[in-house]
Amino acid sequence: MTVQVQEAWSVSEAAERVGLTTHTLRWYEQEGLVEPVGRDSAGRRRYTQEDLDRLNMLTCLRRTGMPVRDMRRYAELARLGEETMAARLALFQQHRERVLARIAELQEDLKYIEHKIDWYASEMGAGCGSAN
């Protein structure tokens with residue numbers, strides 16, 4: 001019988017893999033956003049692929065503007081198990097609506113920026129005009 005050893009990474013290796021700082025990884029654990037990470041015989045954190053997957057999801061949620069309180073709520077719900085799936089779905093649906101609204105705002109902002117670029121380019125091409 002073969003025992004399969006799961007690959008694990010140190011806190012600095014995990015931080016590099018997910019694009020966060022070691023301080024942030026420790027803070028996520030302290031805040032309950034992730035389960036306590038396994039440790040080696042010397043007491044050093046060892047991150048598994050499952051841990052990295054969870055961290056990547058949290059990074060996505062933060063990058064898309066999910067408040068930490070909602071991330072914490074999601075983590076609490078996930079720990080409670082399958083009976084909280086509807087609540088987790090609702091949390092993600094609400095976040096999706098906020099993300100879509102932000103995308104719409106950014107698209108409007110981009111239109112304005114493109115308008116200004118076009119205006120400046122045409123003014124520079126004409127060699128005159130007042131700058132706004």
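Bear in mind these aren't lab numbers, they're just calculated from the coordinates by the rules spelled out. Not measured: the values here are computed from a predicted model. Cβ atoms come from the backbone with ideal geometry, glycine included; neighbour counts cover every protein chain shown.
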*How large is ³J(HN,Hα), in whole Hz, for each residue of the range 42-47 in order, when computed from phi with the Karplus curve 6.51 cos²θ - 1.76 cosθ + 1.60 and θ = phi - 60°, using x for Gly and Pro?*
8, x, 7, 4, 10, 8
*For P(r) over Cα pairs in 10 Å bins from 0, in percent, several values are listed as (i) 13, 48, 35, 4, 0; (ii) 11, 32, 27, 20, 8, 1, 0; (iii) 10, 28, 23, 16, 12, 8, 3, 0, 0; flag the one computed from this structure.*
(iii)
_Just want the ordering: MET66, MET57, from fewest to most Cβ atoms lying within 10 Å of their own Cβ._
MET57, MET66
*Choose one answer from ALA14, ALA121, ALA86: the residue with the largest mean-square fluctuation in a GNM of the chain with alpha-carbon springs under 10 Å.*
ALA121
*What percent does the relative contact order of the range 23-132 come to when contacts are Cα pairs within less than 8 Å and at least six residues apart?*
16
*So what are the radius of gyration and Dmax for the Cα set of the range 7-63, in Å?*
10.3, 34
*Can you tell me how much longer the chain between ALA121 and ARG72 gets when fully stretched, taken as 0.36 nm per residue apart minus their C-alpha distance, in nm with one decimal?*
12.9 nm
*Exposure proxy check: SER10, SER41, SER122 ranked by fewest other beta carbons within 10 Å?*
SER41, SER122, SER10
*Gain in span if fully extended, GLU7 to LEU100, counting 0.36 nm per residue against the direct Cα distance*: 29.8 nm
